[in-house]
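I have placed the structure first, in the form of structure tokens, so that the comments after it can refer back to it.
The values are calculated or read from the model by the stated rules, or taken from the named source; none is laboratory data. The structure displayed is predicted, hence computed values, not measured ones. Positions of Cβ are generated from backbone atoms using ideal geometry, with glycine treated the same way; all protein chains shown enter the neighbour counts.
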Amino acid sequence: MKTVAAGLTIILSLSTISFAADSPGQQHDEKSEFRETRLLAKAENTAESLRLACQTGLVIGGFFETGPEAVQSLHQALADCEAAIIKDPTNILTTVSLAAAISYEGKRLTSARYPHTSKKLLEKLVQENPNSAIALGALATWHSEVSAVGFAARLVLGASRKKATSLYASAFEKGLTDFGLRLSYIKFLARGTPEDMAHALAQCAIMLEAPAQTAIDKILQQKMAILAVALQTKDEKTIEAALEEISAFPTLKDYKKMPAYELAKTYRDD
């Protein structure tokens with residue numbers, strides 16, 4: 001009964017955090033509530049609660065913190081996801097969260113090893129779950145984000161916008177609804193042709209009307225709203241600035257000298 005009660009508290013915390021204002025005080029309150037949620041989830045110590053702890057840690061570090069504090073939250077999220085995947089190695093959402101966290105660490109270190117490990121995790125996930133919209137969408141997002149880094153990253157890591165397009169199409173065929181992956185798709189379109197940008201704006205309108213199920217969804221809708229304003233200008237520089245503004249962990253590269261997170265031997269790609 002205690003475990004069930006803790007689980008309900010976690011779910012309620014994620015779904016009822018208020019987003020009525022956008023002041024520093026409001027953001028501090030939201031961060032505190034996310035932190036409390038993460039502590040509850042970690043204390044429950046189940047596969048599902050540890051996944052929630054990982055995801056919440058990524059939100060805290062990605063959107064509410066900067067500098068060393070954000071790096072520490074990222075590393076805590078990685079540890080939580082690793083603990084969750086030990087308890088449930090086949091969980092799709094845990095694997096996707098772990099792959100995302102690994103990619104962020106790779107972004108901080110500008111190391112090919114981390115995004116390569118992330119790619120291998122997601123490719124294996126799609127191979128084992130070919131009908132999962134989330135698995136397909138996550139691998140599509142990997143190709144999208146790595147391709148956006150530049151030609152060298154595409155060449156070294158094997159990323160492709162063409163592959164991203166194909167994977168996103170498959171994900172939508174399987175009924176992709178996840179807010180995070182839908183935002184990733186919108187970002188992918190925003191970096192494309194004028195026709196793609198128009199489609200991105202249409203997708204923003206759809207998602208801004210969609211009911212947010214959790215506090216995390218509400219944060220992502222705020223990011224979509226910022227990008228929608230930029231897309232309306234049809235100006236590439238304005239759109240690029242908005243893409244940078246809404247990105248999670250924006251200051252990671254400035255803290256490359258902090259110690260690297262050592263990935264677990266069970267899944268890392270040496």
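For segment 109-130, the candidate set comprises residues that are within 28 Å of Lys257 (Cα to Cα) and among the β-branched types (Val, Ile, Thr); within that set, the residue that is nearest to the chain's Cα centre (by Cα) is Thr117. For segment 57-97, a residue qualifies if it is among the polar types (S, T, N, Q) and either in a helix (DSSP H, G or I) or under 19 Å from Asn129 (Cα atoms) (or both), and the qualifying residues are Gln72, Ser73, Gln76, Thr90, Asn91, Thr94, Thr95, Ser97.
Scanning segment 241-270 for residues that are surrounded by 14 or more Cβ atoms within 10 Å (Cβ to Cβ), over 18 Å from Arg182 (Cα atoms) and either among the aromatic types (Phe, Trp, Tyr) or without any contact (Cβ under 8 Å) to a residue 24 or more places away in the chain (or both) gives Phe249, Tyr255, Tyr261, Tyr267. Here are some residues: Leu136, Leu155. Which one is assigned to a helix (DSSP H, G or I) and surrounded by 15 or more Cβ atoms within 10 Å (Cβ to Cβ)? After ruling out the rest, the residue left standing is Leu136.
For segment 65-84, state whether one or more residues are farther than 30 Å from Ala43 by Cβ and hydrophobic (A, V, I, L, M, F, W, C). No, there is no match, as no residue in segment 65-84 is farther than 30 Å from Ala43 by Cβ and hydrophobic (A, V, I, L, M, F, W, C). Of the residues in segment 176-187, at least one is within 20 Å of Val59 (Cα to Cα) and acidic (Asp, Glu). Number of residues in segment 100-133 that are surrounded by 16 or more Cβ atoms within 10 Å (Cβ to Cβ), at pLDDT below 95 and assigned to a loop (DSSP other than H, G, I, E, B): the value is 0.
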